[in-house]
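K.L.:
Please read through the structure below; I'll follow up with questions.
Coordinate-derived values only; no laboratory data. None of these values were measured; they are calculated from a predicted model. Note that each Cβ is placed from the backbone with ideal geometry, even for glycine, and that neighbours are counted across all protein chains shown.
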């Protein structure tokens, strides 16, 4: 059975790219949209310019990062050997590919961003609930990744002129040195400059930035293999799991990898909407996920394994490895490429989501860029360097990701593909009248909210209470499954009739 749902014949208002209509037709349709629900950035997309390579490059931006590198290498320390890690990654990324297609195709068919699509499931006002959950997580991540990128800038500046910048490395304010604040501010400004011109500028940026990281990673891998004299062991775990422990570790590794992509699974409609057809989404995701992720994981694990031979310890931070080279040029190039990579993933994974989510709160006052600026400002408030350097806070934050995002995905996908059979009245998504199709009860769909609540509470307990630590890796799966079951049970009578082809 295919993991990609078949595309039923659809009504013109749902699937046809708005650019296929005349300007007069578009103006007539948008004239009836409520300004409380509509602005130009939240409108159905009018130009679908993203092709297979653009989706592939977007995934390169997301995957070619320090966080993914560290995550892939960390699976070895769950008691798995090299072959077992690769099997777990391969299985999980195929699952992710199928789930991501579900989310992306919903965006491609409707042409609207995630918070607007969520109105069909949660209500025109209730959609702000999942949007704000997603935005809160994105804001925290945005701050952490901005800080991580700023450390690359610090390395580059110190390498260029140590005597000039070293005095600025002493702690000075709120736990960050003067040089740290300078580099953090530079990263903050550079990211806003990239996104100032909107999604088309982001597409062009990622199309060259993603491959640039690949080049550096391959060079780093070759250099490490040569330094290790080819003496590389992929059995990094100090204690090899066996029996039930091995089975648990394999399943947990698969579940954790799926959870690692929990943020994108919720709002991938933001990108799917920009593609012209189903084939583009599916093929772009295939090359960007199964192919790209497994290759990057192989490189990450190889470099980490070689670091044990070369340096006597497993180093899971590529920037730290580059710092140990004897070449100033290599350190500068490596540091700057990873700065670019961090900018790319932060924009793609966090800024875009926040921009749409905050715009959805008040479309008349907040557009795409203002929503992103609001997120950038808020990202500084938690002092992200403290979060990143505190293992306990990071553990709880990552654990909470699956618990809160899994239920959202479960409701959104079952509602779109099963309850509504893949058909949404796009115009009704911008209708705030009490008689509107997605107004439900005062703008909220109580069935969807009950399903999310019923699933989030047990998932959060499993993820965050130490007593249930053995179940923590499965919080996303459990949350998504519970939400899907509850929502289907509550909403089955509202299921759309099957559409018969003419």
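K.L.:
In whole Å, what three semi-axes, largest first, describe the equivalent ellipsoid of the chain built from its Cα gyration tensor (square root of 5 times each eigenvalue)?
P.N.:
Taking √(5λ) for each Cα gyration eigenvalue gives 39, 26, 21 Å.
K.L.:
Follow-up. So what's the angle, to the nearest 10 degrees on a 0 to 90 scale, between helix 178-195 and the longest Cα principal axis of the chain?
P.N.:
The angle comes out at about 40 degrees.
K.L.:
When 86, 358 are ordered from fewest to most other Cβ atoms inside 10 Å of their Cβ, what list results?
P.N.:
86, 358
K.L.:
Now for a separate question. Return the distance in nm (one decimal) between the two label points of a simple spin-label model at residue 314 and residue 295, each offset 7 Å from Cα along Cα→Cβ.
P.N.:
Here the modelled spin labels are 2.5 nm apart.
K.L.:
Shifting gears a bit: List 279, 370 from most exposed to least, where exposure is judged by having the fewest other Cβ atoms within 10 Å.
P.N.:
279, 370
K.L.:
Let me ask something else about it. Dividing the alpha-carbon Rg of region 261-397 by 2.2 N^0.38 Å yields what?
P.N.:
Ratio of Cα Rg to 2.2 N^0.38 Å: 1.32.
K.L.:
Can you give the calculated 222 nm mean residue ellipticity of the chain, where each DSSP H run of n ≥ 4 adds -39,500 (n - 2.57) and the sum is split over every residue, rounded to the nearest 500 deg cm²/dmol?
P.N.:
Result for the chain: -20500 deg cm²/dmol, rounded to the nearest 500.
K.L.:
If r is the Cβ-Cβ distance from residue 185 to residue 328 and R0 is 25 Å, what FRET efficiency results, to the nearest 0.05?
P.N.:
Plugging the Cβ-Cβ distance into 1/(1 + (r/R0)^6) gives 0.50.
K.L.:
What is the order of 215, 418, fewest Cβ neighbours within 10 Å to most?
P.N.:
215, 418
K.L.:
Nearest 10 degrees is fine. How inclined is helix 475-491 to the longest principal axis of the chain, computing both from alpha carbons?
P.N.:
0 degrees
K.L.:
How long is the gain from residue 442 to residue 193 if the chain were fully straight, where each residue apart is worth 0.36 nm and the alpha carbon distance is subtracted?
P.N.:
85.7 nm
K.L.:
Once both labels are modelled 7 Å past Cα along the beta-carbon direction, what's the residue 381-residue 91 spacing in nm?
P.N.:
4.2 nm
K.L.:
If you line up the long axis of helix 446-464 against the longest principal axis of the chain, both from Cα atoms, how many degrees apart are they, to the nearest 10?
P.N.:
Tilt of helix 446-464: around 20 degrees.
K.L.:
Can you divide the C-alpha Rg of region 170-263 by 2.2 N^0.38 Å and report the result to two decimal places?
P.N.:
1.70
K.L.:
Next question, about the same structure. Starting with the highest mean, order 33-43, 127-137, 346-356 by the number of other Cβ atoms within 10 Å, averaged over the residues of each peptide.
P.N.:
Output ranking for 33-43, 127-137, 346-356: 346-356, 127-137, 33-43.
K.L.:
Please report, in whole Å, how far the alpha carbons of region 92-162 spread along each principal axis, starting with the longest.
P.N.:
Extents along the principal axes, in whole Å: 56, 32, 22.
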